[in-house]
Amino acid sequence: MLHSFDRDLEITERLETEYVRALFYDLPADYSELYRSYEYPRLCTVLEGEVIVSQKEGLRSDNNKFLLMPAMAKIWIEIKRPAKALVYELSDVLIKKVSENTGHPFRADFHPDHPLLLFQESSELRNILNKIQRTLAGRKPGFEYILDVYAQELVYDLIQTDEISRILNFRLGSPVSTAIQYMEEEYNGPISIKRISCDLGMSEANFCQYFKKITGVSPKEYLTHIKMEKAKEIIMEESITDASFDLGYESVSNFISTFKEVYGVTPKQYKKKSGY
């Protein structure tokens, strides 16, 4: 549970699957702070209590309403009484996959004056969110896969409304989004952060600073995260040596040390622990 909007804690405490990230908040009474979305849009749901969104607009969110924020937005939040909330970060990969597979346009032409949308729940949306919440609460073996299936159903329901679809697709041309997409597609080859920043028309220093401000980690750390997530899958099918080269590591020892630094065990130990 998160008791504030601290970005570092959001990164360490969130639950993450291939398509979605879940953040649980248990917020105290008389709490107020600026709330931000980062590289992905956020769907905010209130489980208990009430959340006041933006002093200027005076919007109130409870468990009958949902707040949708495009990526890289910020709003002011006030909590009068203790409240609990569950927030979903919906990845670009998820939104694009659902949009393309269902024939919905994947556009980035929406520039909202007020970067948030508070909307009433539908029975269909409530049903989907209930399934997601039960899956998160149960945490049965393989629940991440089931969660991603429901996440696709969730986005499919959301993009039926044009205004919601535009908010979900907002920001696709941003430097961070472009860089992340490139890393996810080219993770198995030599990736130069300097080259990425150059292609984006930014200096390497400015790009790295901006990237970390949005994601909370450096581009190099983010790329390592992508590679290590892939590594857990690849080592189940290939030798450690082949896996290291498939992931773009020139040195097997470097791959092994990086894996151990991230997961606390070597690839061989992880593989053995997983029953392979």
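The values are calculated or read from the model by the stated rules, or taken from the named source; none is laboratory data. Everything numeric here is computed off the predicted structure, so don't read it as measured data. Positions of Cβ are generated from backbone atoms using ideal geometry, with glycine treated the same way; all protein chains shown enter the neighbour counts.
Pro41: loosely packed, with under 15 Cβ neighbours inside 10 Å and either modelled with pLDDT of 90 or more or not small (Gly, Ala, Ser) (or both), yes or no? Here the answer is no, as Pro41 does not meet what is asked. Within the stretch 182-211, residues that are touching a residue at least 24 places away in the same chain (Cβ under 8 Å) reach partners that are charged (D, E, K, R) with beta carbons closer than 6 Å, at six or more positions or on different chains, in the pairs Tyr187/Lys227; Asn188/Asp246.
Report yes if some residue within the stretch 154-167 is out of contact with any strand residue (DSSP E or B) (no Cβ under 7 Å at 6 or more places or on another chain), at pLDDT 90 or above and of a type in the set (S, T, N, Q); otherwise report no. No; the residues of the stretch 154-167 include none that is out of contact with any strand residue (DSSP E or B) (no Cβ under 7 Å at 6 or more places or on another chain), at pLDDT 90 or above and of a type in the set (S, T, N, Q).
Are any residues in the stretch 141-185 small (Gly, Ala, Ser) and out of contact with any Lys or Arg (no Cβ under 9 Å at 6 or more places or on another chain), and if so, which ones? Those that are small (Gly, Ala, Ser) and out of contact with any Lys or Arg (no Cβ under 9 Å at 6 or more places or on another chain): Gly142, Ala151, Gly173, Ser174, Ala179. The residues in the stretch 184-227 that are among the aromatic types (Phe, Trp, Tyr) and either touching a Leu at 6+ places or on another chain (Cβ under 8 Å) or on the phi > 0 side of the Ramachandran plot (or both) can be counted, and the count is 2.
From the list Lys56, Lys80, Lys140, exactly one residue is modelled with pLDDT under 85 and at negative phi. Which is it?
Among Lys56, Lys80, Lys140, only Lys56 is modelled with pLDDT under 85 and at negative phi.
Which of the residues spanning the stretch 83-125 are in a strand (DSSP E or B) and at pLDDT below 85? Walk me through how you get there before you give the answer.
At the first step, the residues of the stretch 83-125 found to be in a strand (DSSP E or B) are 83-90, 117-120.
Matches in the stretch 83-125: Leu117, Leu118, Phe119, Gln120.
Any residue at all in the stretch 14-35 that's of a type in the set (Lys, Arg), modelled with pLDDT of 90 or more and part of a strand (DSSP E or B)? If you could, list the steps in order and put the result at the bottom.
Within the stretch 14-35, the first condition is being of a type in the set (Lys, Arg), and the residues that meet it are 14, 21.
Now restrict to residues that are modelled with pLDDT of 90 or more: 14, 21.
If we keep only those that are part of a strand (DSSP E or B) as well, we get 21.
Within the stretch 14-35, one or more residues are of a type in the set (Lys, Arg), modelled with pLDDT of 90 or more and part of a strand (DSSP E or B).
The set of residues in the stretch 213-230 that are under 17 Å from Thr17 (Cβ atoms) and among the aliphatic types (A, V, I, L, M) comprises Ile226, Met228.
For the stretch 240-276, what are the residues that are in contact (Cβ under 8 Å) with a residue 24 or more places away in the chain and part of a helix (DSSP H, G or I)? The answer is Ile240, Ala243, Asp246, Phe255, Thr258, Phe259, Val262, Tyr263, Pro267, Lys268, Tyr270, Lys271.
In the stretch 227-239, how many residues are assigned to a loop (DSSP other than H, G, I, E, B) and either touching a Cys at 6+ places or on another chain (Cβ under 9 Å) or crowded, with 18+ Cβ neighbours inside 10 Å (or both)? Steps first, answer last, please.
Keep residues of the stretch 227-239 that are assigned to a loop (DSSP other than H, G, I, E, B), which gives 235-239.
Subsequent filtering for residues that are either touching a Cys at 6+ places or on another chain (Cβ under 9 Å) or crowded, with 18+ Cβ neighbours inside 10 Å (or both) retains 235.
Qualifying residue count, the stretch 227-239: 1.
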